[in-house]
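Okay, structure first, notes after.
Taken together, the values in this text are just the output of simple stated rules run on the coordinates, not laboratory data. Because the structure is predicted, anything quoted here is derived from the model rather than measured. As a convention, Cβ positions derive from the backbone with ideal geometry for all residues, glycine included, and neighbour counts pool all protein chains shown.
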Amino acid sequence: MYNEDQSKIELIEELILKYWSNYCLRNWLSDNHEQPYSPEIKVKRLLDRCGTLLLRDVPPDERDTLTSYKEMVVGSREINVSDCPEAIAEMLESGCVQLNRLTPDDRLRYELLTDKLDERIGAQKKKVARARPSTRFERLEAIRNAFQGCTIHGCRVDTDGCFEHNGAVYQVDSTEGKYAPHKTRYGDQYDMDRIIVIEVPDGGVHFADQDGYLMDDAMIAVLTR
């Protein structure tokens, strides 16, 4: 019987997995997986709903996992930087908007947007500070503060881990970590296909991954200059 006071893990184990675990194990992979009602799709939908139910036991301020519905919502409102034109990706990663590169209509929209944001932020009440994960923008700002006067560039990384900047060819260590390929039924998949190059005033170069985390310089090899 269903008991709303019972933990969601116990409910799933007793009411679902107890009866469906063998079916899930037998049909986790199937030859007709591309069909919408194949056993494999049914299993994954069942487990997806089980995962969503488990999230109800997690306090809202501690959730760091998106449900499939939330992923769909995010996907309808956001696009990957990798899918943007090079100029847009460069603009986002450098942290500055060059208004002279925008059309008059886009420039007006940008100025109206920033005005609205300034009004909204000024009207908000201060919230109680609490620890939270840093955002990509904050990490890039931290890099700018750590390397005063630096210039930030974004470069595409190919499937061999190679990228080019200012005529030099570099290679990132792709044997492990975010730039390592993952074997899937559709071939190799990569978590990241861009890298951030940080030029400092003294001529030195540092690197950060696509999420804005500084990388160990030992992970980058110079192939040609």
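Dipole of segment 140-225, Cα-centred, from +1 at each Lys and Arg C-beta and -1 at each Asp and Glu C-beta, to the nearest 20 debye?
180
In what sequence do Y170, Y19 fall when counting other Cβ within 10 Å, fewest first? Don't skip to the end; give the middle numbers.
Working: Y170 21, Y19 9.
With the fewest neighbours first, Y170, Y19 line up as Y19, Y170.
If R0 is 25 Å, what FRET efficiency do you get for T175 and R139 from their C-beta distance, rounded to 0.05?
Numbers: r = 24 Å, r/R0 = 0.97.
Calculated transfer efficiency: 0.55.
Given a cut-off of under 8 Å on Cα pairs at least six residues apart, what relative contact order in percent is computed for segment 136-224? Kindly include the intermediate steps, with their values, before the conclusion.
Numbers: 140 pairs, mean separation 27.4, N = 89.
Across segment 136-224, relative contact order equals 31 percent.
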